[in-house]
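Shown next, in structure tokens, is the structure this report addresses.
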Amino acid sequence: MISVLLYIKEKDEQSLRVIERINKIKKDLEFDLNIITLEESSDLFKKYGKISPVVKVGPYTLEGDTDIDHLRITISAAIDRDRQLTDVGDANYKKRLNSGRNFTKFDRVSLWLSKSYIWLIALFLALYVGLPFMAPVFLKSGLNLPAKAIYLIYKPLCHQLAFRSWFIFGEQTFYPRALAGIEGVLTYEDITGQTQINIREAQKFVGNDTVGYKVAFCERDIAIYGSMFLFTLFFILSGRRIKSLPWYIWVVIGLIPIGIDGVSQLPGLATSLPSWLPIRESTPILRTITGTLFGITTAWYLFPLIEESMRETAMILSEKKAYLSNRQDETI
């Protein structure tokens, strides 16, 4: 037997008229009528409040003060469809029917996740971008083992080159290569005595009490994930109502600058190059700017899309929960 779901607002004249019409149809057709009051769920009220009463039966949806003929035709079509699918023995159809009769643990977890996912993302980003700063803190405190553990964890995630990383507790916050051309600062070559860059040594170098200790994440990654974390907070404060950034703006502002700045400095890591090939080294400011642009635009593009999907999931599960709760109330 099919179920007819009727979403109504309390003390609403249109809703009362639709209920009366459906009850008349029940004298001729066999179906279950489940009336769900929108005031019981804020999610349902947001979706159906302005268009109620709403009738949902099978794949069909009717909105507003629907006349009795339209209601009868729609319900009859849903009944015929149900009979056809049942007679054919559609396994997927039966599976969907059975899954709709219980609000499972998976449903509960999915509903919670669809409403809380952004807080989980915020927590993950906070830990992801914050933990690398604990490595130099541990080294400064003489706790070498946990510091080494953090460097090891982030090693597959970041190059950890000392001349492209931030330092804390030292004379400077960064020690760029001489190739970067930043005047008035100690370079990586100055603090290590190296005349030719050794990539592996630059990765292993974590600093000392004089120059400070290296953050386990490079300057660009700090900017990327730090800006994504800040956008996450702003997205939450906005009520998750920010619309997705157009993809072409993400490409132009977020992807192209970081691509140019990052790729153009790759030849500078090679040990032998033709003399005619131009080489360059980016600066902490450029890495931070391009990383921030990429992080913000990526989050701006993705998070609203994720939110749209999660809202739809939450709505489906809220409807299922309200329907099953209503049926339990009728049984009692």
Over the chain: helical MRE at 222 nm, DSSP H runs n ≥ 4 each giving -39500 (n - 2.57), nearest 500: -18500 deg cm²/dmol
Of the peptides 27-36, 51-60, how do they stack up when ordered by the mean number of other Cβ atoms within 10 Å, highest first? 51-60, 27-36
Starting with the highest mean, order 143-151, 128-136, 212-220 by the number of other Cβ atoms within 10 Å, averaged over the residues of each peptide. 212-220, 128-136, 143-151
Which one of Leu145, Ala202, Ile256 is farthest out on the positive end of the charge dipole of the chain, using unit charges on Cβ (Lys, Arg +1; Asp, Glu -1) and the Cα centre as origin? Leu145
If you average 1/r across every pair of different Cα atoms in region 3-99 and take the reciprocal, what Kirkwood value do you get, in Å? 14.2
Hydropathy at least -1.0 by Kyte-Doolittle, axial extent at least 18 angstrom from the Cα trace: which helices of the chain, defined as entire DSSP H runs, fit? 13-25, 68-88, 105-140, 219-237, 284-331
In whole percent, the Cα-Cα distances of the chain spread across 10 Å bins from 0 upward as 5, 18, 20, 15, 12, 11, 10, 7, 2, 0
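No value in this document is a laboratory result; all are computed from the given coordinates. Please read these numbers as outputs of a predicted model, since none were measured by experiment. Note: ideal-geometry Cβ built from the backbone for every residue, glycine included; neighbour counts use all protein chains shown.
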